[in-house]
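Worksheet: one structure, shown below.
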Amino acid sequence: KKTDNLVHKKIYFTAVSPAGKAPVLDGVLDDVCWQNATKLANFVLTAGEHGKPVKNQTESLLAYDTTHLYVAFRCQEPNISGIKSNSKMWDDSDILYDDRVEIFLDINHDHRSYYELAVNPNGVQFDQSGFNRLHGSKTCDMDPSWNGFWRAKTKINKSEWIAEIAINVTSLGIDKIEQGMTWGFNVARVCQPDVIKGDEFFKREPHGEAEYSAWAPVKDYIRETISNFQAPLEFGDLVFGNPGFAIEELSFRSASYAFGPVGQPSLFGFNPLVIKLKTKNNKSKKATLKITVEPESGAKWQSEQTVTLSSKSPVHAEYYIPENQENKIIIQFLDPDSKKQLYRTSC
């Protein structure tokens, strides 16, 4: 049991490598880039028995180049004839009553603003932007009028269905993907949804064969059968390139809306920060830890220090709270020589 009055935030972390050559979107995962892609598996339930393994597993593959993020899904489905895929029109919000896979992108890694991309087995696409001011408080504002530039191709086989997706990041306001760029990220799947239009807000948990699952086990505390992925605070961390480490846990006093009321609020002056991570091949490496605190008004506080990254011992540091208002804390690891970013998050 934790007794240090800190918030201990488990981090679902993955790094993705360059694709080399872009895949051909045909719903067949035989491209070279998929052979070497980052693989996300072991999806868990996000509704009903939260955190438990799903019966119909999903595998997601990730790759990228400078202008695109490529995502593929392989969805196990022994009951192909039972697939629900009724939406026929692009950007039809009724896709939420269909079998589907979804991608969530918090490109600012602020745990508030994000994009949602969904596609059903017929290849019908839906997207929208979201903003969650206060985690778990039903204050998630959605904008279905937002449209990104992305393409999807699906293929239904005997015991699985495939989705192959290319996301043009320039439509997200990014000139190009660079190594060390870090996004909040999740991939999710809805299998045989147990929800009927007009009755969705009366059913709290799924029944029958319905499965709602994701790589990072999000929970938004609203309606598990209608809106249970909209929790950017609980997305995982996606890092482009190979930083040589994986963040496992961040621990600190509650610094803003995101982690309250759990733990004690950050105080005026210095507050503790503990970063638990695992290094590649368990080898120690040097990095520059840069911490920035941005209050709503007034001057920001910033520090840089050289630290040793090790699987054996966490990194201990401090951040300074300059005023009794909401403060944004930015945590970065930089290469000590080039000063290029290896990882970034905020809270």
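The helix-only estimate of mean residue ellipticity at 222 nm for the chain, built from DSSP H runs of length n ≥ 4 each weighted as -39500 (n - 2.57), is 0 deg cm²/dmol after division by the residue total.
For ILE174 and ASN147, what does the FRET efficiency come to when R0 = 22 Å and r is the distance between their Cβ atoms, rounded to the nearest 0.05? The computed FRET efficiency comes out at 0.85.
Across VAL16, VAL307, VAL187, mean-square fluctuation computed from a Gaussian network of the chain (C-alpha pairs under 10 Å connected) peaks at VAL307. Shape of region 104-199 from the C-alpha gyration tensor: oblate (a/c of 1.5 or more and a/b not above b/c, with a ≥ b ≥ c the square roots of its eigenvalues).
Based on the reciprocal of the average 1/r between different C-alpha atoms, the Kirkwood radius for the chain equals 21.0 Å.
Each label was represented as a point 7 Å from its Cα along the Cα-to-Cβ direction; for THR306 and VAL28 these points are 5.4 nm apart.
One chain, two ends: ASN5 and ASP337. Fully extended at 0.36 nm per residue, the span grows by 116.0 nm beyond their Cα-Cα distance. Could you run the Debye sum over the Cα atoms of region 266-320, one equal point scatterer each and no solvent, and tell me log10 of I(q)/I(0) at q = 0.15, 0.21 Å⁻¹, two decimals? With no solvent term, the Cα-only Debye profile gives -0.51, -0.81.
Projection of the Cα convex hull of region 1-122, averaged over all directions and equal to a quarter of that hull's surface, yields 10.9 nm².
The ASN108 and GLU318 beta-carbon pair, evaluated with R₀ = 25 Å, returns a calculated FRET efficiency of approximately 0.50.
Which of rounded, prolate or oblate describes region 3-50 when judged by the alpha-carbon gyration tensor and an a/c cut-off of 1.5? The shape class here is oblate. In this view, the solvent-accessible surface of CYS75, computed with a 1.4 Å probe and all protein chains in place, comes to about 0 Å².
How large is the direction-averaged shadow of the alpha-carbon convex hull of region 47-183, in nm²?
Hull-based average projected area comes out at 9.2 nm².
Under a point-charge model restricted to the Cβ atoms of Lys and Arg (+1) and Asp and Glu (-1), what is the dipole moment magnitude of the chain relative to its Cα centre, in debye to the nearest 20? Dipole about the Cα centre, nearest 20: 1180 debye.
The values are calculated or read from the model by the stated rules, or taken from the named source; none is laboratory data. Note that the structure is predicted; figures quoted are calculated from it, not measured. Every residue, glycine among them, receives a Cβ derived from its backbone with ideal geometry; neighbour counts consider all protein chains shown. Accessible surface is based on the protein model in full, side chains and every heavy atom, while ligands, DNA and RNA are left aside. Shrake-Rupley method; radii C 1.70, N 1.55, O 1.52, S 1.80 Å.
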